[in-house]
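Written below as structure tokens is the structure these notes are about.
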Amino acid sequence: MTSPAVIQPAAGDTYAHQALALIAQHRLLATTQLHQMLMPHTPPRKVHKVLSPLRADGLITHTVLGGRSGLQAHFLTPAGIQAVSDWPELRGRHANPITSPTAAALRAAHTLTGVRAHLAFLTDARTRKDEYQPLDWMPEVTHRLPDTGGEDRLIADAVFHYTAIQPRRLHYRAFVEIDRTTMSSERLARKLITYARFHDYTPQPAGRRQTVADQTAHLAWQRFYPRFPRVLFILTGAPRTTLTNRIADLRRMTADHDLVTRFATRVPLGAAVLEDLEAHGPSAAVWTPLAGAAEPRGWTQL
């Protein structure tokens, strides 16, 4: 007598689950970006069939971005935030909710530019058969840093985790700074000082003087990363000459500031133009190292 077949539940998530998780993690996603993440090899209309039930159930809503295209950018409603609050893939992510379509539209430029950079890495990883998934890019990662001259937090625009397969298996992590040329070049370059301070920062033990052993054993970043992530600046939003000058300013800060110079001997630092990443892929020789020779290279060769 044969035993009845055991029916096991599916291990994979539905597109609806994945879409909700992606919108939660990235806070705001355009329809085209969701399509590229979820189902790039299907007709674009397929993603609308995923989003429509989520909208009907009151889990997501959207804002319409400017221009004639009527492009929609989606974000979670309070009900959607509650629905994903205990999902394991989002554990530790406590984003400030977007409260209205107007608020979504106001933050769309910066948020969606960051997603463009993420998609450049995702597209490249798929071509190279590397391990990098849509949730491997975490936006707005904050670290406390009380000794930064009044700036008590390091807020990276994103941190991503990437595993290259060929020629051998290697794990990479990177802090990402998105520059749309909305701040001064000097202010952008000063971010290198904050990263250098975070690299060296050791929390002071309460009630006693810090020792050399404390500095070695309790560097703050080691609570979060096995190795300090490289720092990547991605620039856009201005003519090529302006972007080239801003990259030169980053290199000048690295050369002129002793703390950053020392930091650059321990951590790879690089800058690239977003449109070059989209056209050629992040693995191409489109990154300018911020220390040493300025010859362009791929991001893993910095």
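The values are calculated or read from the model by the stated rules, or taken from the named source; none is laboratory data. Here the structure is a predicted model, which means the values were calculated and not measured. Methodologically, a virtual Cβ is constructed for each residue, glycine included, from the backbone with ideal geometry; neighbour enumeration extends over all protein chains shown. Just so you know, the surface numbers come from the protein's heavy atoms only, side chains and all, with ligands and any DNA or RNA stripped out. Shrake-Rupley method; radii C 1.70, N 1.55, O 1.52, S 1.80 Å.
Within region 147-164, the set of residues being modelled with pLDDT under 95, over 16 Å from the mean Cα position of the chain (by Cα) and either surrounded by 14 or more Cβ atoms within 10 Å (Cβ to Cβ) or over 23 Å from Leu188 (Cβ atoms) (or both) comprises Asp147, Thr148, Glu151. Residues that are closer than 23 Å to Thr123 by Cβ and either open to solvent by 20 Å² or more (accessible area, probe 1.4 Å) or free of Cβ contacts under 8 Å to residues at least 40 places away in the same chain (or both) within region 252-280 comprise Pro268, Ala271, Val273, Glu275, Asp276, Glu278, Ala279, His280, listed in sequence order.
Residue-level check: of (1) in a helix (DSSP H, G or I); (2) out of contact with any strand residue (DSSP E or B) (no Cβ under 8 Å at 6 or more places or on another chain); (3) at pLDDT below 95, Trp221 misses just (2). State whether one or more residues within region 108-121 are over 19 Å from Ala272 (Cβ atoms) and either open to solvent by 60 Å² or more (accessible area, probe 1.4 Å) or of a type in the set (Phe, Trp, Tyr) (or both). No, every residue in region 108-121 fails to be over 19 Å from Ala272 (Cβ atoms) and either open to solvent by 60 Å² or more (accessible area, probe 1.4 Å) or of a type in the set (Phe, Trp, Tyr) (or both).
Cβ-Cβ under 6 Å, sequence separation 6+ or interchain: first residue in region 48-60 and over 17 Å from Pro101 (Cα atoms), partner aromatic (Phe, Trp, Tyr). Which pairs? Close Cβ pairs satisfying both conditions: Val50/Tyr15. Assessment of region 84-97 against the conditions (in contact with a strand residue (DSSP E or B) (Cβ under 6 Å, 6 or more places away or on another chain), surrounded by 13 or more Cβ atoms within 10 Å (Cβ to Cβ), hydrophobic (A, V, I, L, M, F, W, C) and modelled with pLDDT under 90) yields no matching residue. Taken as a whole, region 239-251 holds no residue that is open to solvent by less than 40 Å² (accessible area, probe 1.4 Å) and under 24 Å from Gln33 (Cα atoms). Of the residues examined, Leu71 is not one that is at pLDDT 90 or above and surrounded by 12 or more Cβ atoms within 10 Å (Cβ to Cβ).
Taking the listed residues Phe198, Phe228, the one that is buried (at least 17 other Cβ atoms within 10 Å of the Cβ), part of a helix (DSSP H, G or I) and modelled with pLDDT of 90 or more is Phe198, with no other qualifying.
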